[in-house]
Structure formats: structure tokens, C-alpha cells
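Asks: Sharing a structure with you now.
The values are calculated or read from the model by the stated rules, or taken from the named source; none is laboratory data. Being a predicted model, the structure only gives us computed values, none of them experimental. Cβ: placed from backbone, ideal geometry, glycine included. Neighbour counts: every protein chain shown. Heavy atoms of the whole protein, side chains included, go into the accessibility calculation; ligands, DNA and RNA do not. Shrake-Rupley method; radii C 1.70, N 1.55, O 1.52, S 1.80 Å.
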Amino acid sequence: MAVMDQKLRTLYLLDIMLQRTDEEHLLNASDLCRILDQEYGISTDRRTIYTEIEILMKYGLDIVQRKGKNPGYFVASREYELPELRLLVDAVQSSKFITEQKSRELILKLEKHCSKSQAYALQQEVFIVNRPKAENETIYYNVDTIHNAIVANREISFKYAEWTVKKEFRLKKDGALYKVSPWALTWDDENYYLVAYDAEAGKIKHYRVDKMQNTDVLESVRQGAEAFKDFDLPAFSKKTFGMYGGRDEEVVFVCENHLAGVMLDRFGHDIWLVPVDEEHFRTRALVSVSPQFFGWVTGIGKGLRIEGPDSVREEYLTHVKAVLENY
């Protein structure tokens, strides 16, 4: 056998073990000889298979030999465990900003990290059709461009779009170019956002990545280093509801005890929950006061009350009254 065939045999055997074996699907030396001969045209014997298995184990592949009534070899552990792949598949198929076509492509790539039988099981759990999905793949190119700009410490330019009542994508500001300094990307409320510094406005802003068009990296150096010096992205996400901006206020809430989990999930486990009586607790959190924040408060229901500041309470009452006027 030629040296090249010997090297290919080892690589083919690596593929066979990864793709066709797991704890419930074993292959013995005779099986491996047959597959190599019939599918790859490489003749070998069981003694050689034993040697090749040892080589793969020294290489780091976690191969286990099971003896007994149905002996054989299988790959016991991989880079991704099956529960981890299920988690990643769920994230891909539930993400609105990933197109249906790209979702299928990504899931097929994830399936290559497990055996064929496990991949088949994953396929049975995939439900993409009829889920809300983006219709174009601009976001992937935008994310790549933004990452390149961040690494190169450069500003970016883009045009920003919005949906019309006719379900058409229309450029804002008559197609004018936006110029910002990109500093972070974040995923919130099932959408991807760019967090950037707008030098002209002198403040931090965020933009939906899927609404950015004609994104380019500029030669100009990023600005806003001082604004982002102590920037806390998790804190920014916690206080911002649906990534809609508003003025920052420390708001005091009085809540029924059963809402403790809701408040901790929203604002993090570092907030204080102070008992008011046997049925209520008080807490405070920094929020971005906006109509979306008021909508969140209304959605929680009567178990939650804004205690202060008075200006936020009055603003909330005005918001609710304006909504009720529609009815």
C-alpha cells in the first residue's frame, strides 16, 4: 500500500468513527475493514485496524472499546455534547434575525459535530417553517463588517431603514449616511443591535443590525473611548426595554412577593428586595424611562406599582390615560 493510502486510511477511519459511532452504535474491527474496502477502496485487516485505533486515541479521540456479546468501538465524547448541540440548534431556529435558509445551513453544520444517528434525532426536533424569520441575509455581512471595524478601531457608515405600513423597507432621513463609532454588538429581545458612539450627538446610541444597509468601514479612527471607558453592556441591556432609548431614572417599585423572580430576571440578582409587609417587597433599579418601559409595567399587572419618583409616576399615568383614550 502506498504511503498516501496509509495516511488516507487513518483520516477515513477518523471520519467513520466520528460520523457513525456513538454509545448506542458501535463498529467492530470487521465492520471497519468492510466500510474501508467497500466505500473507500482501501483493503486492510483487523490487526491494522487495532493499530489505527491506537493512533487515533493517541491523537486525542475519545474511543471506547466495549467487549461482550456485541463488541465494538465508539466515540464516547466530542467537542460538543448532544445537549449542547440541542441548545445551539434551539437558539438558531428560534432567532428571528436568521433567515430560514441560513438557519437550515447552520443547523446542518452543527449536525456534523455528532454522529449521523444523533444528527437524525436533532433533525426531528427542528421546526423552522412558519416561524417569524428575517427575509434577507444582510445581517451576516453587517456583523462581519462591524467586527472588522471594531478590531481595526475604525468608524463605520451605513444607511438606516424602517418598515412602512405597506410592508416596504424605506431608508430613513432620505437615505442619508449615518456615521458612528462601533463598540459592541448585543442580542436583545430576539434582535441583534449595534451599540455605538455618535460623535455628532455626543452620546451612545444603538441600532438594529438587520436595518442597516450599505455598511462600510471608514478610514477615520473610532471616537467615544471615554464614554465607553466604564460602559457596562449587561447593565445597559437591563435598564433598556426592547432597546428603546429614554432618559435614565432610578425607579422604586413595590411588588407582590410572587414577582420576586420577575424582578430578578429583569434587573439582575444584585438588586435589593426589601420586605414591606408579609405580601410585598420594595426594590429599586435604574431604567430607561420610555413607552416600552411603561408597557412592561402594565403587562406585569396590579402586582407591581411604581412608587417613585413622582415624575415617573405622573408620566406613567399620562401614558395609561392616553392609551385608554383609544377605547
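Asks: Can you name the residue in the stretch 43-53 that is in a helix (DSSP H, G or I) and not polar (S, T, N, Q) and is also nearest to GLU81 (Cα to Cα) among such residues?
Replies: ILE53
Asks: Please tell me if ASP265 is under 30 Å from ALA176 (Cα atoms) and not in a loop (DSSP other than H, G, I, E, B).
Replies: So ASP265 fails the test.
Asks: Need the failing condition index for LYS69 against (1) more than 19 Å from GLN6 (Cα to Cα); (2) part of a helix (DSSP H, G or I), just the number.
Replies: Among (1) more than 19 Å from GLN6 (Cα to Cα); (2) part of a helix (DSSP H, G or I), the lone unmet condition for LYS69 is (2).
Asks: Is it the case that the stretch 102-115 has a residue that's surrounded by 14 or more Cβ atoms within 10 Å (Cβ to Cβ) and either in contact (Cβ under 8 Å) with a residue 40 or more places away in the chain or assigned to a strand (DSSP E or B) (or both)?
Replies: yes
Asks: Just checking, does the stretch 247-255 include any residue being under 25 Å from HIS206 (Cα atoms) and more than 31 Å from the chain's Cα centre (by Cα)?
Replies: Within the stretch 247-255, none of the residues are under 25 Å from HIS206 (Cα atoms) and more than 31 Å from the chain's Cα centre (by Cα).
Asks: While we're on this one: Can you run down the residue pairs with Cβ atoms below 6 Å, 6 or more apart or on separate chains, where the first is in the stretch 249-260 and farther than 12 Å from ARG284 by Cα and open to solvent by less than 10 Å² (accessible area, probe 1.4 Å) and the partner is of a type in the set (Ser, Thr, Tyr) and in a strand (DSSP E or B)?
Replies: Taking only residues 6 or more apart or on different chains, not a single pair turns up.
Asks: Got a number for residues in the stretch 285-297 being open to solvent by 30 Å² or more (accessible area, probe 1.4 Å) and either basic (Lys, Arg) or under 15 Å from ARG266 (Cα atoms) (or both)?
Replies: Qualifying residue count, the stretch 285-297: 4.
Asks: Of the residues that sit in the stretch 268-306 and are small (Gly, Ala, Ser) and in a helix (DSSP H, G or I), which one is nearest to LEU324 (Cα to Cα)?
Replies: Residue satisfying both the conditions and the ranking: GLY295.
Asks: A follow-up question, please. What residue, of SER103, SER94, SER43, is among the hydroxyl-bearing types (Ser, Thr, Tyr), under 30 Å from MET212 (Cβ atoms) and touching a helix residue (DSSP H, G or I) at 6+ places or on another chain (Cβ under 8 Å)?
Replies: SER103
Asks: What's the total number of residues in the stretch 43-62 that are surrounded by fewer than 16 Cβ atoms within 10 Å (Cβ to Cβ) and hydrophobic (A, V, I, L, M, F, W, C)?
Replies: Adding up the residues that qualify gives 2.
Asks: Separate question: Output the number of residues of the stretch 6-42 satisfying the condition of being in a helix (DSSP H, G or I) and open to solvent by less than 70 Å² (accessible area, probe 1.4 Å).
Replies: Total meeting the criteria: 18.
Asks: Restricted to the stretch 266-283, and to residues that are among the charged types (D, E, K, R) and surrounded by 11 or more Cβ atoms within 10 Å (Cβ to Cβ), which residue is farthest from ASP232 (Cα to Cα)?
Replies: Among those residues, the one meeting the criterion is GLU279.
Asks: Can you work out which of the residues in the stretch 80-101 that are open to solvent by less than 60 Å² (accessible area, probe 1.4 Å) and not aliphatic (A, V, I, L, M) is farthest from the chain's Cα centre (by Cα)?
Replies: Ranking the qualifying residues of the stretch 80-101, first place goes to THR99.
Residue-wise test of (1) among the small types (Gly, Ala, Ser); (2) buried (at least 20 other Cβ atoms within 10 Å of the Cβ); (3) in contact (Cβ under 8 Å) with a residue 12 or more places away in the chain.
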{"residue": "TYR141", "(1), (2), (3)": "no, no, yes"}
{"residue": "ALA149", "(1), (2), (3)": "yes, yes, yes"}
{"residue": "ALA176", "(1), (2), (3)": "yes, no, yes"}
{"residue": "LEU185", "(1), (2), (3)": "no, no, yes"}
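Asks: Can you work out which of the residues in the stretch 298-327 that are open to solvent by 40 Å² or more (accessible area, probe 1.4 Å) and of a type in the set (A, V, I, L, M, F, W, C) is nearest to ALA285 (Cα to Cα)?
Replies: The selected residue is ILE300.
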